[in-house]
Amino acid sequence: MSGEKITITLDSLRDPNTLDLLKTRKRLSSFRHWPYDGESYTSLTLALNGFMMASNESCGLSAICICCQKDLQWDSTDDVPSEHR
């Protein structure tokens with residue numbers, strides 16, 4: 001799932017894989033080896049705010065919102081709700 005672009009549309013809601021991403025638990029499971037769980041943007045905080053891990057070797061550590069497609073790379077000063085506007 002890492003690195004692939006996810007777009008949720010009315011048609012995509014027929015796909016069980018897309019529906020699964022609406023569940024916080026499923027998004028949280030995408031954050032394997034997330035190194036920032038000691039920061040303000042833990043994997044749980046990101047998943048609760050609609051993000052899933054989108055990191056890959058070419059783009060580095062990032063998370064993407066499954067609804068608005070905002071893909072963010074995080075640093076130690078970021079606040080999830082503020083960045084996700």
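The values are calculated or read from the model by the stated rules, or taken from the named source; none is laboratory data. Since the model is a prediction, treat every value here as computed from it, not as a measurement. Here the Cβ positions follow ideal geometry from the backbone for every residue, glycine too, while neighbour counts run over all protein chains shown.
Computed values, structure above
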| quantity | calculated |
| --- | --- |
| Answer residue from the range 42-60, given it is surrounded by fewer than 15 Cβ atoms within 10 Å (Cβ to Cβ) and either touching a Phe, Trp or Tyr at 6+ places or on another chain (Cβ under 7 Å) or modelled with pLDDT of 85 or more (or both) and is farthest from Ser30 (Cα to Cα) among those | Leu48 |
| Candidate set: the range 24-41, residues that are more than 18 Å from His84 (Cα to Cα) and of a type in the set (Lys, Arg); chosen: the one modelled with the lowest pLDDT | Arg32 |
